[in-house]
Amino acid sequence: MIEYKHLHADVQAVMQKTDNDRIRFIDEPRWIGYGRAKLIMEQLELLLNVPKKTRMGNLLIIGDSNNGKTTLIERFYDLHGKSTIDEGGKSYKPIILIEAPPRTDEKALYIAILKKFFTTFRPTDSADKLLNQVLHLMGECQVKMLIIDELHSFLTGTAVKQRIVMNVLKHLSNQLKIPIIGVGTKDALMILHTDPQHASRFTVADLSHWKLDNQFASLLASFELFLPLKNPSLLKTKEMAQKIHSISEGNLGNVHELLKVCAKEAIKSGKEQIDAKIINDNQWITPTRGVRNLFN
């Protein structure tokens with residue numbers, strides 16, 4: 001078997017398969033553990049395992065659209081959040097991960113949480129009754145963390161409704177002694193300032209765009225390890241890194257999509273490496289710019 005030393009060990013097996021298999025492999029979801037993501041994962045693990053106390057620390061993860069926030073928390077949930085059932089049939093849910101409801105409403109928040117327990121509830125019940133059901137189930141299942149994705153969605157409500165929802169989150173954290181993790185765009189910062197107490201409870205982790213520096217070059221090298229190409233592309237070199245950064249604007253999702261398209265073309269063309277021409281030919285791959293024209 002030919003060994004491709006420029007690739008990760010997990011990719012070696014797929015290199016023995018057909019071109020179509022390798023192309024399908026490129027589209028498979030996978031975790032690339034870059035530096036900033038690892039630091040946030042470590043912070044999440046600390047919060048998950050911190051002893052219960054009266055005032056738990058919270059975390060707000062912010063960043064531009066398509067910049068890896070949801071992928072990060074889903075990875076964390078996959079590692080630490082899976083439900084278990086003991087021999088007596090008791091269910092444990094260490095992490096509840098929800099998406100913020102489309103409207104800023106406390107009942108909608110309770111319902112989003114209750115759905116994660118696959119339990120019966122009446123949406124017409126009062127907010128107090130739904131809250132009591134949430135507290136009971138989260139306590140019974142020993143929930144250790146609540147993660148809310150798309151937290152900026154709460155900005156659709158009035159200032160009064162925003163304060164109510166944030167007070168609910170504070171109440172859940174206080175009563176259950178668990179950390180609250182918010183995930184959203186930078187607009188989510190505005191929600192914290194509905195009350196100085198909210199801002200003081202949250203540490204902010206910013207997944208901003210990447211600068212053209214050594215960290216970006218290391219990121220490209222990490223991606224290259226998982227691109228099933230027979231020849232090294234040397235993406236971290238100055239010329240290649242500059243081209244990729246210019247097209248992607250330092251957005252992680254843009255980088256990933258660009259490299260996937262280029263890797264597929266490298267296989268189909270027989271080049272078996274991403275070169276400057278392939279990158280230039282695919283510079284239209286910019287998902288965060290909205291509607292794209294394939295022929296521009």
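The values are calculated or read from the model by the stated rules, or taken from the named source; none is laboratory data. The shown structure was predicted, so the numbers you read here are calculated from the model rather than taken from an experiment. Virtual Cβ from ideal backbone geometry, glycine too; neighbours counted across all protein chains shown.
Residues are listed down the side, and each one gets a yes or a no for (1) more than 23 Å from the chain's Cα centre (by Cα); (2) within 18 Å of residue 191 (Cα to Cα); (3) modelled with pLDDT of 95 or more:
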site	(1), (2), (3)
85	yes, no, no
88	yes, no, no
95	no, no, yes
99	no, yes, yes
102	no, yes, no
105	yes, yes, no
110	no, no, yes
113	no, no, yes
118	yes, no, no
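The set of residues in the stretch 11-34 that are surrounded by 11 or more Cβ atoms within 10 Å (Cβ to Cβ) and under 15 Å from the mean Cα position of the chain (by Cα) comprises 30, 31, 32, 34.
Taking first residues from the stretch 176-191 that are over 19 Å from residue 161 (Cα atoms) and partners that are at pLDDT 95 or above and of a type in the set (Lys, Arg), the Cβ contacts under 6 Å between residues at least 6 apart in sequence or on separate chains come to 178/144. When residue 107 is tested against (1) surrounded by 15 or more Cβ atoms within 10 Å (Cβ to Cβ); (2) assigned to a loop (DSSP other than H, G, I, E, B); (3) at negative phi, only condition (2) is not met. If you go through the stretch 142-169 and keep only what is part of a helix (DSSP H, G or I) and out of contact with any helix residue (DSSP H, G or I) (no Cβ under 7 Å at 6 or more places or on another chain), you end up with 153, 156, 159, 160, 161, 163, 167, 169. Can you confirm whether residue 26 is touching a strand residue (DSSP E or B) at 6+ places or on another chain (Cβ under 6 Å) and touching a residue at least 24 places away in the same chain (Cβ under 8 Å)? So residue 26 does not fit the description; no. Flag: residue 158 does not match the condition of being surrounded by fewer than 16 Cβ atoms within 10 Å (Cβ to Cβ), farther than 17 Å from residue 108 by Cα, modelled with pLDDT of 90 or more and hydroxyl-bearing (Ser, Thr, Tyr). Looking at 48, 79, just one residue is surrounded by 15 or more Cβ atoms within 10 Å (Cβ to Cβ) and among the hydrophobic types (A, V, I, L, M, F, W, C), and that residue is 48.
The numbered conditions (1) touching a residue at least 24 places away in the same chain (Cβ under 8 Å); (2) of a type in the set (Asp, Glu); (3) outside any helix (DSSP H, G or I) are all true for residue 45 except (3).
Residues checked against (1) basic (Lys, Arg); (2) modelled with pLDDT of 95 or more; (3) in contact with a Gly (Cβ under 7 Å, 6 or more places away or on another chain):
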residue: 228; (1), (2), (3): no, yes, no
residue: 236; (1), (2), (3): yes, yes, no
residue: 244; (1), (2), (3): no, yes, no
residue: 268; (1), (2), (3): yes, yes, no
residue: 273; (1), (2), (3): no, yes, no
residue: 284; (1), (2), (3): no, no, no
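Can you confirm whether the stretch 224-239 contains a residue that is part of a helix (DSSP H, G or I), surrounded by fewer than 20 Cβ atoms within 10 Å (Cβ to Cβ) and not charged (D, E, K, R)? Within the stretch 224-239, none of the residues are part of a helix (DSSP H, G or I), surrounded by fewer than 20 Cβ atoms within 10 Å (Cβ to Cβ) and not charged (D, E, K, R).
Of the residues making up the stretch 53-63, at least one is under 23 Å from residue 174 (Cα atoms), in the same structural domain as residue 156 (by TED's automatic domain parsing), exposed (fewer than 14 other Cβ atoms within 10 Å of the Cβ) and not basic (Lys, Arg). Scanning the stretch 75-104 for residues that are part of a strand (DSSP E or B), out of contact with any His (no Cβ under 7 Å at 6 or more places or on another chain) and touching a residue at least 24 places away in the same chain (Cβ under 8 Å) gives 91, 92, 96, 97, 98, 99. Among the criteria (1) within 19 Å of residue 66 (Cα to Cα); (2) hydroxyl-bearing (Ser, Thr, Tyr); (3) in contact (Cβ under 8 Å) with a residue 60 or more places away in the chain, the one residue 246 does not fulfil is (3).
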